[in-house]
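Comments concern the structure below.
The values are calculated or read from the model by the stated rules, or taken from the named source; none is laboratory data. Only a predicted model underlies this, so the values are computations on that prediction, with no experimental measurement involved. FYI the Cβ positions are ideal-geometry reconstructions off the backbone, even for glycines, and counts take in every protein chain you see.
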Amino acid sequence: MLDLKYLRNHFDEAKTALSRRSSEAAAALEGIWQLDERRRAAQQEVDTLKNERNLVSKEVGQLKAKGGDASEKIGEMKKVGDQIASLDQMLREVEEALEKKALFIPNIPHPSTPDGTSAADNKQVRQYGEPLKYHFKPKTHWDLGTQLGILDFERAAKISGSGFVCHRGLGARLQRALISFMLDLHTQKHGYQEVSPPYLILEKAMVGTGQLPKFAEDMYALRDDPLYLAPTAEVPVTNLYREEILKFEALPLKLCAYTPCFRREAGSAGKDTRGMIRVHQFDKVELVKITRAEDSYDELEKLVVDAEAVLKALELHYRVLLLCAGDMGFSAAKCYDIEVWCPGVDAYLEVSSCSNFESFQARRMSLRYKDAEGKNQTCHTLNGSGTALARLTIALLETHQQADGTVKIPQALRPYMGGLEVIAV
RNA sequence: GGACGGGUGGCAGAGUGGUCGAUCGCGCACGCUUGGAAAGCGUGUUUACCGCAAGGUAACGUGGGUUCGAAUCCCACCCCGUCCGCCA
């Protein structure tokens, strides 16, 4: 959520910056401005009346204590009380309308976020390695995985319909190995604390990180309970500290978590239907940081490096993109995507998205810290995939495949695979 | 799921209709004291909103209600604890 005070004092600036993302978002600011004006006027009015009531009520108490007659004042205050009640009601309605509107406004892009309206405008900032040359035609992961008996799409569909995969045998072991490998890397080498959070999430937590109210159709909701399935560990992990005021010295908090992720992919019907490029359930190790306001951009750079370390260790070729204003997620101010090369599907696939949300999420969840002067400040929050397993698995299988249809396991992963060097039938 | 008990400031814990945003203690910060520290003494120490400010308003789990006035009375819900039932 944007800072309404900032908006009040820097309206044109905010509008210009937001228009880099979308013209609709910028236009919606006008309504916010008007509601904010109405809210302040109503609050001043009702506060004045409440002050009067408090003063007179105090007099009534004193009068009655002395045994005097207070019925006239009581009668007056009854009227004032009715006025207050109806004004309070009005104020509440304005506040609700304001909040509702404000929750739909996306974050303002950081000045270092480039202009642009689509993925074509994203800027590559660096790459690691080169696409490997093969003396045979690289197979797709669905062919490799099915032939090796480690990916079972057909039977997964019997259980859950399309868009699901079942990992079997060494495939299942590979998932477990990757999860352990990544968690160990981030906790032991990068200083993150491991968290294993709940996967079912209350609406207010989903609002806190920005998935709701705007993207309800992308979320799985339970039928009989007011809970959503976590679309990413970002939601439960960032919300751990909702409505807290953290100590200055405690920051930055660096957390990592493995969770499954559940996504309806409502807007993506028909896209990436083969294999497991886009599935409704996938595993992911997520990195989350909660920082002081002044540190968040340094922490973002380090976060990307931490995510890249996974791909380097697994001997994969990737590139890092800086997303343009129009292609960024709703809550982000600046975002890097890491895309890994997958020779079978002949494409770069996004395995990590590292974002600085600045105070956007923290304000929604009232997450603050005491600064050096002891004043309360809104925290900055960041997160990045470290990394998403479905696509990472695609890259692993397709990159390290051999002419005979077997797949070499990179050195770093072998200890987690019981020393196994090759996945074969 | 059932029964009982409880939710008040960083912690602990008073307060059962009116100068209570809230006693006291601990903790913390600053100052005095000291060679230095401890002790002691003094001052301060929740948050949000409105306002240039003075100041005002709101919040005692959440939401409603009663009242001129609610931390305090009534109703519903949520969370925590204990016991019972069920269960991996």
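Just one of A:Ile290, A:Ile245 is more than 29 Å from A:His400 (Cβ to Cβ) and surrounded by 20 or more Cβ atoms within 10 Å (Cβ to Cβ); which is it?
Details: A:Ile245 fails: surrounded by 20 or more Cβ atoms within 10 Å (Cβ to Cβ).
Every option except A:Ile290 fails the conditions.
Please find, within the range A:348-376, the residue that is nearest to RNA strand B (Cβ to nearest atom) out of those that are over 25 Å from A:His141 (Cα atoms) and surrounded by fewer than 19 Cβ atoms within 10 Å (Cβ to Cβ).
Out of the qualifying residues, it is A:Asn376.
Looking for something under 28 Å from the mean Cα position of the chain (by Cα), under 30 Å from A:Ala102 (Cβ atoms) and buried (at least 19 other Cβ atoms within 10 Å of the Cβ) - is there at least one such residue anywhere in the range A:384-401?
Checked the range A:384-401: at least one residue is under 28 Å from the mean Cα position of the chain (by Cα), under 30 Å from A:Ala102 (Cβ atoms) and buried (at least 19 other Cβ atoms within 10 Å of the Cβ).
Given (1) of a type outside the set (Phe, Trp, Tyr); (2) crowded, with 17+ Cβ neighbours inside 10 Å; (3) assigned to a helix (DSSP H, G or I), where does A:Thr146 come up short, assuming only one miss?
Checking A:Thr146 against (1) of a type outside the set (Phe, Trp, Tyr); (2) crowded, with 17+ Cβ neighbours inside 10 Å; (3) assigned to a helix (DSSP H, G or I), the one that fails is (2).
Being of a type in the set (Phe, Trp, Tyr), touching a Phe, Trp or Tyr at 6+ places or on another chain (Cβ under 7 Å) and in contact (Cβ under 8 Å) with a residue 40 or more places away in the chain is the filter here, so list the residues in the range A:337-366 that pass it. I'd like the intermediate steps shown before the answer.
Within the range A:337-366, the subset of a type in the set (Phe, Trp, Tyr) is A:341, A:348, A:357, A:360.
Still in the running and touching a Phe, Trp or Tyr at 6+ places or on another chain (Cβ under 7 Å): A:341, A:348.
Passing the criteria: only A:Trp341.
Here is a list of conditions, (1) closer than 30 Å to A:Arg319 by Cα; (2) assigned by TED's automatic domain parsing to the domain that holds A:Gln361, and A:Glu154 meets all of them except one; can you say which number that is?
All conditions pass for A:Glu154, except number (1).
Do you know which of the residues in the range A:42-72 that are of a type in the set (A, V, I, L, M, F, W, C) and surrounded by 12 or more Cβ atoms within 10 Å (Cβ to Cβ) is nearest to A:Leu4 (Cα to Cα)?
First pass over the range A:42-72, keeping only residues of a type in the set (A, V, I, L, M, F, W, C): A:42, A:46, A:49, A:55-56, A:60, A:63, A:65, A:70.
Still in the running and surrounded by 12 or more Cβ atoms within 10 Å (Cβ to Cβ): A:42, A:46, A:49, A:56, A:60, A:63, A:70.
Numbers: A:Ala42: 17, A:Val46: 21, A:Leu49: 25, A:Val56: 34, A:Val60: 39, A:Leu63: 44, A:Ala70: 44 Å.
So the residue we want is A:Ala42.
A quick yes/no check of all residues on (1) in contact (Cβ under 8 Å) with a residue 60 or more places away in the chain; (2) more than 17 Å from A:Glu130 (Cβ to Cβ); (3) outside the structural domain of A:Leu255 (by TED's automatic domain parsing); (4) surrounded by fewer than 24 Cβ atoms within 10 Å (Cβ to Cβ):
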residue: A:Ala309; (1), (2), (3), (4): yes, yes, no, yes
residue: A:His317; (1), (2), (3), (4): yes, no, no, yes
residue: A:Val320; (1), (2), (3), (4): yes, no, no, yes
residue: A:Cys335; (1), (2), (3), (4): yes, yes, no, no
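Working only within the range A:216-245, note down all residues that are in contact with a Gly (Cβ under 8 Å, 6 or more places away or on another chain), farther than 20 Å from A:Ser352 by Cα, touching a residue at least 60 places away in the same chain (Cβ under 8 Å) and in a helix (DSSP H, G or I).
A:Asn239, the sole residue that qualifies.
Search the range A:394-413 for residues that are within 14 Å of A:Leu170 (Cα to Cα) and in the same structural domain as A:Phe136 (by TED's automatic domain parsing) and pair each with any residue that is in a loop (DSSP other than H, G, I, E, B) and acidic (Asp, Glu) when their beta-carbon atoms are under 7 Å apart and the residues are at least 6 apart or on different chains.
A:Lys408/A:Glu421; A:Ile409/A:Glu421
Would you say A:Glu30 is free of Cβ contacts under 8 Å to residues at least 60 places away in the same chain, within 17 Å of A:Leu4 (Cβ to Cβ), surrounded by 15 or more Cβ atoms within 10 Å (Cβ to Cβ) and more than 8 Å from RNA strand B (Cβ to nearest atom)? First the steps, then the outcome.
On the way: free of Cβ contacts under 8 Å to residues at least 60 places away in the same chain: yes; within 17 Å of A:Leu4 (Cβ to Cβ): yes; surrounded by 15 or more Cβ atoms within 10 Å (Cβ to Cβ): no; more than 8 Å from RNA strand B (Cβ to nearest atom): yes.
Considered against the rule, which asks whether it is free of Cβ contacts under 8 Å to residues at least 60 places away in the same chain, within 17 Å of A:Leu4 (Cβ to Cβ), surrounded by 15 or more Cβ atoms within 10 Å (Cβ to Cβ) and more than 8 Å from RNA strand B (Cβ to nearest atom), A:Glu30 comes out as no.
Looking at A:Val340, A:Val285 in this structure, which one is surrounded by 21 or more Cβ atoms within 10 Å (Cβ to Cβ), within 18 Å of the chain's Cα centre (by Cα) and closer than 24 Å to A:Pro231 by Cα?
Details: A:Val340 fails: within 18 Å of the chain's Cα centre (by Cα).
None of the other options fit; the residue is A:Val285.
Taking the condition of being under 21 Å from the mean Cα position of the chain (by Cα) and aromatic (Phe, Trp, Tyr), how many residues in the range A:93-150 meet it?
So the count comes out to 1.
Within the bounds of the range A:121-133, is there any residue that is within 16 Å of RNA strand B (Cβ to nearest atom) and either of a type in the set (Ser, Thr, Tyr) or in contact (Cβ under 8 Å) with a residue 60 or more places away in the chain (or both)?
Residues of the range A:121-133 that are within 16 Å of RNA strand B (Cβ to nearest atom), as a first pass: none.
Checking the range A:121-133: not a single residue is within 16 Å of RNA strand B (Cβ to nearest atom) and either of a type in the set (Ser, Thr, Tyr) or in contact (Cβ under 8 Å) with a residue 60 or more places away in the chain (or both).
In the list A:Lys15, A:Lys50, which residue meets the criterion of being among the charged types (D, E, K, R) and away from RNA strand B (no atom under 11 Å from the Cβ)?
Details: A:Lys50 fails: away from RNA strand B (no atom under 11 Å from the Cβ).
On inspection, the qualifying residue turns out to be A:Lys15.
Please report, ordered by residue number, the helices (runs of 4 or more DSSP H) entirely within the range A:1-105 with at least 3 residues that are charged (D, E, K, R). Walk me through it before giving the result.
On the way: elements: A:4-9, A:11-19, A:23-65, A:71-102.
The qualifying helices (runs of 4 or more DSSP H) are A:11-19, A:23-65, A:71-102.
Condition first: under 18 Å from the mean Cα position of the chain (by Cα), of a type in the set (D, E, K, R) and assigned to a helix (DSSP H, G or I). Now tell me which residues in the range A:303-337 satisfy that.
Correct list: A:Asp306, A:Asp327.
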